[in-house]
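Below you'll find the structure, written out as structure tokens, and then a few comments.
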There are 4 protein chains.
Amino acid sequence: MQLGLIGLGKMGGNMRERIRRAGHTVIGYDRNPELADVSSLAELVGKLEGPRVVWVMVPAGAATQGVIDELGDLLEPGDVVVDGGNSRWTDDEKHSEELAAKGIGFVDAGVSGGVWGLQNGYALMVGGDAEHIAKVQPVFDALKPEGDAGFVHAGKVGAGHFSKMVHNGIEYAMMQAYAEGWELLQAVDSVTDVREVFRSWQEGTVIRSWLLDLAVNALDEDEHLERLRGFAQDSGEGRWTVEAAIDNAVPLPAITASLFARFASRQDDSPQMKMIAALRNQFGGHAVESAK
Amino acid sequence: MQLGLIGLGKMGGNMRERIRRAGHTVIGYDRNPELADVSSLAELVGKLEGPRVVWVMVPAGAATQGVIDELGDLLEPGDVVVDGGNSRWTDDEKHSEELAAKGIGFVDAGVSGGVWGLQNGYALMVGGDAEHIAKVQPVFDALKPEGDAGFVHAGKVGAGHFSKMVHNGIEYAMMQAYAEGWELLQAVDSVTDVREVFRSWQEGTVIRSWLLDLAVNALDEDEHLERLRGFAQDSGEGRWTVEAAIDNAVPLPAITASLFARFASRQDDSPQMKMIAALRNQFGGHAVESAK
Amino acid sequence: MQLGLIGLGKMGGNMRERIRRAGHTVIGYDRNPELADVSSLAELVGKLEGPRVVWVMVPAGAATQGVIDELGDLLEPGDVVVDGGNSRWTDDEKHSEELAAKGIGFVDAGVSGGVWGLQNGYALMVGGDAEHIAKVQPVFDALKPEGDAGFVHAGKVGAGHFSKMVHNGIEYAMMQAYAEGWELLQAVDSVTDVREVFRSWQEGTVIRSWLLDLAVNALDEDEHLERLRGFAQDSGEGRWTVEAAIDNAVPLPAITASLFARFASRQDDSPQMKMIAALRNQFGGHAVESAK
Amino acid sequence: MQLGLIGLGKMGGNMRERIRRAGHTVIGYDRNPELADVSSLAELVGKLEGPRVVWVMVPAGAATQGVIDELGDLLEPGDVVVDGGNSRWTDDEKHSEELAAKGIGFVDAGVSGGVWGLQNGYALMVGGDAEHIAKVQPVFDALKPEGDAGFVHAGKVGAGHFSKMVHNGIEYAMMQAYAEGWELLQAVDSVTDVREVFRSWQEGTVIRSWLLDLAVNALDEDEHLERLRGFAQDSGEGRWTVEAAIDNAVPLPAITASLFARFASRQDDSPQMKMIAALRNQFGGHAVESAK
């Protein structure tokens, strides 16, 4: 089939390659003309035969909204837009309604796979109407890993991004779990080879996983992670997961602790701990450390 | 080689079977005569040729202490005792010293694998002197999974149980991560098939793991887990992990949150929430629910 | 001075009484005609001499929006609206702009005091322009407690509700602190009179506070809180506090833990703990409790 | 009455002064001869008429054990030892039994008050037999604040230190509550005067407390706490509180979060966050910060 693909960065570029390897035609657009197959969205739409499928793979928020607005003007009834970026699920219903008013279908697709996706395939969680999803299915089949898993029609519009968001929330807490364990093992004298302990866990244990394999890779490159600072960004989906939990009165203590640990890691000096130090000083004359 | 194995319950019995399949001789003792090959520890020791290796697989605490005391009287210099139970790592140094005073070696072995170990092998984390471990190595090789991983000499006496304890702490937080994600997905209307979302994650995602596979198995048996109560025991090693963290001033927010969630799950009515309700009532006249 | 007061429920009614005791004129409106001094907002506005000050004390969200919309049509340039309800701070800027377009001033006021406010005074945190606040100042002075504290011009529009929201977040964690301590004291045999321990803390300790006094009151009424269920509502401001923290990448572990403890208290059976039980069952054959 | 007082540091010295002001005789001993009234424990014991009361106010652990051992040899049946230091409650039963074997009574006393105690009085939580406590009561009455509160016979031996320990755990979470709120207020632009917001809370709010008063004092000295580093020690009792909770399967999420925040504040670089960064790098090629 034919696919229009908008956004050819690290993710989008690899996805184009994987879809092409499966025998489909991909016409790609990017603001960077060196990456693009066409020079405008209008040209991209013009080159696709109807009913068209256009996959949007640009940053969530204003960039995605801009592309969807423009596609709304260019596409025709019966066409389908897929948002494969990291949009917040609450945006999906809005986008779906805007396009539906023009007879255009909408599918939201959460995509997992990172730099390994080209080789291993991308896990896909999609939301929307079955008839719209059916038009994209050959592309989904090209992108997904081999095997039965790796693709799900999760539910209504928004369910794809919501499921991907929860995936990322779980990812935060799993990473935190290994990280806490690693720090504790490193902290005691009796355990003399923490890297080999991690390696041993790769078979036969309850905690074996792909993330554990990555941890072993990382320790093989830098046994004590001395080349890294203890500093972790977050990409939005962890935050949204906690916000969704709050909206639904669901307690998420481990995922939230993982998010907060990242926030704290980015502070050179903790304001809240200044207040703790100040209070200790007030009531107990405890020694405090002065700022330099 | 020959091995004396004490404790032939669910774990010990399967381990005896796996070691025998590898061609070794196992003489097993259990308080339950239907399970045992000999009728006493003295008989077990008498049947083994020196230097002997005796593996203790009984409940941590008093039971393990009792067996080790008795073995201290029965064994001879050059023999080695392996504690493969769930002993706290702080007990290992004591046991090691008691036995060393009699010329007997000691190895602590953390064992992971549960009911799947007979088939897949048991992951082993061991602590102690290399010369003692060498005497047990054929048994370790028989028990461990195929492949390079699944066995580690983690460090000094105690390092095996410490590593296994941390493994369990990580396990707590990983399970909590999936559990939180599952609850959140179940809580929203847009995601109409949570089980299939979990299944889709088994390939190509960052969070694929053996625990995820088990979660899918569980959902296949009971899609909404309606046949279970939200009630979770803990087995001691999660508690010890947090205590070790406190001893070493290591923050473990996600693992500790997971432990506390289990504690809370076992309370029919939360005393601390009674106090919250009482305070809300005092200052705001907020409606509270009366005990029935 | 004259004040129009809209919303004469538990809070608004007591506030009207306290303002009148200070010698001011209050014209009150409520949808319940038994509580109201006038029968409509139009009548209320008609009875006030310009420049008018109208205090809105109705539920946050749609109710507040509706009253502000109506006041925007009824009031005149130079008048001032005070939102003293529990509006989210993000609504304040919108309301301020809507009214400013008509020349009407806006002040947001967070009010603390609960059922004790009539007697002790209400703590007030206000946001907005100094010139608008100045028009309301006599009413603020009537409402606030005696002494230097109890009133602050916290900053721009929204700063009043934001400060009140953070006050409530702190309140959640303080209540949780006492509640956790109480549960732990109740859990051990050696402490035979927990209520008297709490009472003793009211003088000379680091943790003496008004909330502690309320806890002692509650224990005097019901020593073991047997007449209450461990079930706690939350009123929105704790949730908003966590959301504001996430927006600003500020870690709030204690406040968030307090919010999640309330969420969990309202679940008859914990879905996430069902998943924990299911996983334990899968890998270890651990005993689980069946749902009844 | 007469009191022997061992340990005349910051706390002990002020306590001697307060007891003397109440008209009692205090014979003080300290290893520092400049502070001491006598030159040895033997001389101290010799100067007291029987039945003697000796108050131990030295660091918990080895120092306290040493003094109690020596007193066991010097005192006579009918005498009473008070441990007013910060001993772990689990030590109290041991000390009580050792002394009881010699006919000597034992009382454990948790003391709160810090540098303010001389002036305001010390809150006292005591454990032990009523007959032993009765012998010390005049000293307790001298030390405690005026008013009804500030003293409690909490229960059996150990209950005094246990109650004081829980007091400190609550203190940790209350301090954390204010600290989190302060950081969040500081983080937003709309709140332009955070110090005045804190000051306003001192009257009429739900969160007014002595700790809040201290926070305002601290902010008056250093409005943005710029002279302090965000670095907080912990003194042992917070750790013991969490350990006691684990022993009793009591969830303490807010108190534990407060303890962990202090641990994290003391790390120049977080090992666990290095692992998070390493994993992000492995699966996503995310930018990480290199160690300098």
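The values are calculated or read from the model by the stated rules, or taken from the named source; none is laboratory data. No experiment lies behind these values; they were computed from the predicted model shown. Quick reminder, even Gly has a Cβ in these numbers, built from the backbone with ideal geometry, and neighbours come from all protein chains shown.
Assorted remarks:
- Cβ pairs under 8 Å, 6+ apart, first in segment C:249-262 and more than 13 Å from residue D:180 (Cα to Cα) and more than 7 Å from chain D (Cβ to nearest Cβ), second part of a helix (DSSP H, G or I) and of a type in the set (Phe, Trp, Tyr): C:259/C:172; C:262/C:172
- Looking only at segment D:132-169, and only at residues there that are among the small types (Gly, Ala, Ser) and surrounded by 24 or more Cβ atoms within 10 Å (Cβ to Cβ), the one that is nearest to residue D:25 (Cα to Cα): D:150
- The one condition from (1) within 7 Å of another protein chain (Cβ to nearest Cβ); (2) part of a loop (DSSP other than H, G, I, E, B); (3) modelled with pLDDT of 95 or more that residue D:288 does not meet is (3).
- Residue within segment C:163-175 that is of a type outside the set (S, T, N, Q) and without any contact (Cβ under 8 Å) to a residue 12 or more places away in the chain present: no
- Residue in segment D:229-241 that is under 21 Å from the mean Cα position of the chain (by Cα), closer than 15 Å to residue C:176 by Cα, more than 8 Å from chain C (Cβ to nearest Cβ) and not aromatic (Phe, Trp, Tyr) present: no
- Some residue of segment A:178-189 being assigned to a helix (DSSP H, G or I), touching a residue at least 40 places away in the same chain (Cβ under 8 Å), within 30 Å of residue D:269 (Cβ to Cβ) and not aliphatic (A, V, I, L, M): no
- Of residues in segment B:174-210 being of a type outside the set (A, V, I, L, M, F, W, C) and more than 7 Å from chain A (Cβ to nearest Cβ), the one surrounded by the fewest Cβ atoms within 10 Å (Cβ to Cβ): B:189
- Options D:243, D:221; residue that is among the charged types (D, E, K, R), modelled with pLDDT of 95 or more and in contact with a helix residue (DSSP H, G or I) (Cβ under 7 Å, 6 or more places away or on another chain): D:243
- Test: residue in segment A:133-142 that is touching a Pro at 6+ places or on another chain (Cβ under 7 Å) and within 28 Å of residue B:121 (Cα to Cα): no
- Scanning segment A:80-118 for residues that are among the charged types (D, E, K, R) and surrounded by 24 or more Cβ atoms within 10 Å (Cβ to Cβ) returns A:83, A:92, A:108.
- Count - residues of segment B:178-198 that are of a type in the set (Val, Ile, Thr) and touching a strand residue (DSSP E or B) at 6+ places or on another chain (Cβ under 7 Å): 3
- For segment B:96-104, the criterion of being touching a Ser or Thr at 6+ places or on another chain (Cβ under 7 Å) and more than 9 Å from chain A (Cβ to nearest Cβ) is satisfied by no residue at all.
- Residue B:278 at the interface with chain A (Cβ under 10 Å from one of its Cβ atoms) and farther than 23 Å from residue A:204 by Cα: no
- Listed by first and then second residue, the pairs linking a residue in segment D:220-245 that is at positive phi and free of Cβ contacts under 8 Å to residues at least 60 places away in the same chain to a residue that is basic (Lys, Arg) and surrounded by 14 or more Cβ atoms within 10 Å (Cβ to Cβ), with Cβ atoms under 6 Å apart and 6 or more places separating them unless they lie on different chains, are D:225/A:274.
- Pairs, first on the phi < 0 side of the Ramachandran plot in segment D:22-46, second among the charged types (D, E, K, R) and part of a loop (DSSP other than H, G, I, E, B), C-beta under 6 Å, six or more apart: D:27/D:37; D:28/D:37; D:36/D:30
- Within segment D:211-225, the residues that satisfy the criterion of being facing another protein chain (nearest Cβ under 7 Å) and either assigned to a loop (DSSP other than H, G, I, E, B) or surrounded by fewer than 20 Cβ atoms within 10 Å (Cβ to Cβ) (or both) are D:217, D:225.
- Of the helices (runs of 4 or more DSSP H) that lie entirely inside segment D:39-136, those containing 2 or more residues that are under 19 Å from the mean Cα position of the chain (by Cα) span D:62-74, D:89-100, D:117-120.
- The one condition from (1) part of a helix (DSSP H, G or I); (2) touching a residue at least 40 places away in the same chain (Cβ under 8 Å) that residue B:157 does not meet is (1).
- Some residue of segment D:160-173 being more than 7 Å from chain C (Cβ to nearest Cβ) and more than 30 Å from residue C:166 (Cα to Cα): yes
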